[in-house]
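To start, the structure itself, in structure tokens.
Just so you know, all these numbers are worked out from the coordinates, no wet-lab data involved. Being a predicted model, the structure only gives us computed values, none of them experimental. Cβ atoms come from the backbone with ideal geometry, glycine included; neighbour counts cover every protein chain shown.
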Amino acid sequence: MKIYVSGLYAGGNPQPGLGIVRSLRQGYPDATIVGVDYSTRVSGIHFEELDERWIQRPWGELDLDSYGNKVRDLLDAGGLWISGSDLEAMWLASIFREGHPNLLAPPMRGIKRITKPAVEAAAALPIKIPTYLSTEHSDWDLHAFCRAHDWRVWLKGPYYDASRTPTWDIFTAVRGALSKIWSTEKLFLQAHVSGYEESVMLSAYRGELLGAVSMRKRDITPEGKTWAGDVSEVPPSFLEPLREMVRATNWTGGGELEMVRDASEQLWLIEMNPRFPAWVHGATIAGHNLPALLVQGATGLPASPAPATASEFTRIVLEVPVRTDFPLPPLPEPFAGAVGHSMKHPSGLTALAARLHVIDPDMLDVALDPEGGEQPSGLAALPGSFVADIAAQDFDAMETPHYIYMDTTAAGLFKRAAERALRLTTSAVEVVSGYSIKTNPDPRLIRLALDNGFYAEAISLSEVQSALEVGFRADQVILNGPGKWWPQGLMPRERMHAVFCDSIADLDRAIAAVAAGEMSARHIGIRIRTPNIVSRFGIPLDSPTTFGKLIAAVKRLPGDSAFGVHFHMASSHVGVAQWWHLFESMLGWCRSIERLTGRTIEMLDMGGGWYPDDWHEDETSKIAHAVELVHNMLPGVRQIASEPGKAMAQPSMALAMRILEIQEHEEGHVDAVVDASIAEIPMHFWQPHRMVRKCRETGALQPIGRGKTHLMGRLCMEHDIIASNIELPEGTRAGDLLIFCDAGGYDRSMSYVFGRG
Ligand SMILES: *Cc1c(COP(=O)(O)O)cnc(C)c1O
């Protein structure tokens with residue numbers, strides 16, 4: 001009996017080859033075991049249990065046709081082959097589409113039905129698939145997905161690599177790198193599931209399940225890979241549908257379902273692998289020798305029994321002698337641009353991925369839910385008011401770069417917000433908004449806030465002055481933040497609507513100012529620091545000592561002002577789901593503060609930090625529910641305020657720019673230089689912008705989709721790239737006008753004068 005085993009990489013994130021070899025040796029002590037790999041850098045080739053080695057050129061250099069013929073000859077001559085690498089298994093399936101009696105790896109039908117993220121084959125198993133979105137959707141929609149899932153998301157390739165992308169800049173960087181490494185634009189974002197990881201390993205021959213075993217990870221490497229685990233039987237509720245799945249896919253070989261069990265015991269499928277897992281020998285130690293069962297199933301020759309020596313296993317690191325016929329190569333050169341562990345295999349798997357794309361373009365595609373609707377175009381549609389506001393501009397007379405004020409868009413946003421506030425107001429609780437002046441202090445926006453019944457929310461006395469200049473009265477001003485006494489001498493003498501103290505020092509200063517007759521406000525309150533989320537703002541309440549100080553401070557507040565509480569945590573940053581969770585926990589803290597201080601909270605201010613779509617499109621029912629919740633938990637609250645900044649300002653301006661130069665590179669690759677720069681669009685690292693080109697001939701606005709073009713700013717600075725991964729519409733040339741929408745928030749207010757002489 002001769003058995004070929006591949007996948008001998010034995011680093012911290014190992015392939016299963018050595019585990020398979022050890023298990024086979026136990027089941028078939030007399031078999032000849034041949035280790036197959038594609039690089040002499042793979043340390044597993046030195047393992048003593050290998051009888052022979054069959055080392056090939058790396059995948060990028062192999063002549064796949066003649067290698068395929070060699071493998072066929074080995075199989076025809078009676079050799080068995082167990083693949084320890086997903087991509088090798090896929091390549092083998094592309095050659096032996098219906099399998100080969102001696103090839104102990106799945107046929108193409110099996111491979112196609114386990115493609116991530118949908119994993120069609122597992123549909124009947126008692127597991128769920130975490131929510132996902134193909135990266136073929138527009139950046140606008142991808143950003144919304146990340147916010148909705150609290151930025152606890154993974155960006156994954158179809159077969160290898162998964163990377164947490166906690167911010168937009170990391171997302172765009174990883175997307176660029178993964179697309180390049182795995183030769184595909186088709187990646188997907190998937191929601192993270194919190195829980196403990198476990199796996200089910202299976203062994204099957206020609207559609208018959210030969211064995212299966214469960215393993216829970218009990219210790220992991222920094223990459224999250226198994227270091228120790230416990231092994232148990234697969235429960236019948238899982239085993240029976242698994243047996244069906246193996247039959248339906250005509251599975252042959254090893255397989256692994258990687259899952260997470262959440263706090264409510266629900267299993268979530270992370271992925272299914274077409275091979276044994278690297279911990280395969282851990283199961284053999286526990287009496288489940290699945291590789292031997294596989295060989296027994298294929299050959300009919302009984303394997304030696306596998307007595308259990310323990311139900312738990314762990315790993316150790318061992319030194320082994322290097323074989324003199326494969327001396328150590330020199331240290332590899334560092335590879336620039338490597339991401340994740342895809343570069344860990346020296347055998348050129350990324351090159352194999354590129355070649356498999358040519359062999360079968362569908363094979364490496366991500367599998368999306370067939371009911372997921374139409375094919376995404378990758379283009380974000382502009383709202384009608386954007387189009388109208390852009391059409392109203394006289395671009396011929398416009399020097400660029402130039403911020404366009406989106407007149408009807410801005411007016412519409414404020415009007416809708418005002419209408420919603422009215423709708424939500426009940427006889428018991430008034431719902432109001434305060435416009436955050438800091439976000440964009442343009443007088444046109446402050447004016448819209450005034451005309452639509454907003455309060456003015458200021459974080460400095462000069463912002464208060466801006467509000468007063470536009471026509472706000474002092475009693476329509478909410479003063480907030482750590483710098484509220486600056487600049488000196490501008491504190492209004494009239495009574496303001498509300499002042500929130502950011503620290504105990506700030507509170508003491510407010511008390512003194514009120515006592516001295518230098519400041520007055522209808523509400524004086526505190527900003528509380530949200531627990532468990534890092535913030536430099538507000539009064540902390542996360543330890544009994546700090547909470548005690550807060551209570552004592554509140555008791556000192558003047559009794560002739562009403563008491564209010566403010567908290568602010570940007571949902572655009574912490575995520576929408578988490579924000580609502582936090583909101584409910586805040587109400588609990590507020591109740592404790594009321595009880596311990598004896599002061600009734602009359603105003604609750606929920607701060608700002610919403611992304612425009614989340615604020616405007618949020619189902620009114622959710623906010624209505626929140627109003628009800630506040631009313632039930634804090635019946636003294638008469639007014640609920642929120643302080644939208646970017647929700648109002650961001651869509652209200654766009655940045656017009658012109659192309660200075662088109663650069664044509666190899667393989668049709670194009671880059672462009674524009675007259676704008678990161679000085680005018682500084683938020684481009686943190687949020688997507690919906691972009692259009694104005695067609696020279698027709699004047700039409702053409703959406704800009706995704707591609708390989710970089711838009712480089714005019715500054716002579718390496719990092720002045722204001723968009724990457726885009727594709728300019730056909731015919732774009734120097735002098736053409738591009739418009740970046742969604743630039744009216746911090747892009748506008750934090751833009752700076754730079755590189756203008
Ligand atoms: C900045 C700020 C806001 C507005 O935040 P956005 O992210 O622009 O919505 C609201 N309230 C306070 C106190 C702020 O400092």
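Some observations on this one:
- Label-point gap, in nm, between residue 164 and residue 219 - each point 7 angstrom along Cα→Cβ: 2.2
- Selection of chymotrypsin sites (Phe, Trp or Tyr not before Pro), region 691-757, meeting DSSP coil and at most 15 other Cβ within 10 Å: 752, 754
- Pairs of Cα atoms nearer than 8 Å and 6+ residues apart set the relative contact order; for the chain it is 11 percent.
- The calculated 222 nm mean residue ellipticity attributable to helices in the chain amounts to -9000 deg cm²/dmol, summing -39500 (n - 2.57) over DSSP H runs of n ≥ 4 and dividing by all residues.
- Computed from Cα positions, the angle between helix 17-27 and the longest principal axis of the chain comes to roughly 40 degrees.
- Between 0 and 90°, nearest 10: helix 620-633 axis offset from the chain longest Cα axis: 70
- The chymotrypsin sites (Phe, Trp or Tyr not before Pro) of region 579-656 include none that DSSP puts in a loop with a beta carbon having at most 12 other beta carbons within 10 Å.
- The alpha-carbon of residue 555 sits under 18 angstrom from the alpha-carbons of these aspartates and glutamates, leaving out residues fewer than 8 places away in its chain: 502, 506, 508, 594, 602.
- Each of residue 240 and residue 408 was given a label point 7 Å from its Cα along the Cα-to-Cβ line. The distance between the two points is 6.2 nm.
- Taken one residue at a time, the phi angles of region 319-324 give Karplus couplings (6.51, -1.76, 1.60, θ = phi - 60°) of 8, 10, x, 7, 5, 5 Hz. Gly and Pro are set to x.
- The loop-placed GluC sites (Glu not before Pro) in region 186-226, going by DSSP, that have at most 13 neighbouring Cβ atoms within 10 Å of their Cβ come out as 223.
- Cα centroid separation, region 509-533 to region 248-293 (Å): 59
- Stretchable slack from residue 577 to residue 359, in nm (0.36 nm times residue separation minus alpha-carbon distance): 74.2 nm
- Computed FRET value (nearest 0.05) for residue 123 with residue 475, which takes r as the C-beta separation and R₀ as 60 Å: 0.45
- Loop-exposed trypsin sites (Lys or Arg not before Pro) per DSSP, neighbour cap 13 Cβ within 10 angstrom, longest uninterrupted part of the chain: 98-492
- Whole-number percent relative contact order across region 406-649, with pairs defined as alpha carbons under 8 Å at least 6 apart: 20
- Between helix 290-299 and the chain: long-axis angle, C-alpha atoms, 0 to 90°, nearest 10: 40
- Extension reserve of the residue 148-residue 552 stretch, reckoned as 0.36 nm per residue once the Cα distance is removed: 141.6 nm
- Net lengthening on full extension, residue 423/residue 444 (0.36 nm per residue, minus Cα-Cα): 5.0 nm
- With 22 Å as the limit on Cα-Cα distance, the pairs of 415/646; 156/622; 622/646 that go past it are 156/622.
- Förster-model FRET efficiency, 56 Å R0, residue 69 and residue 695, C-beta, rounded to 0.05: 0.55
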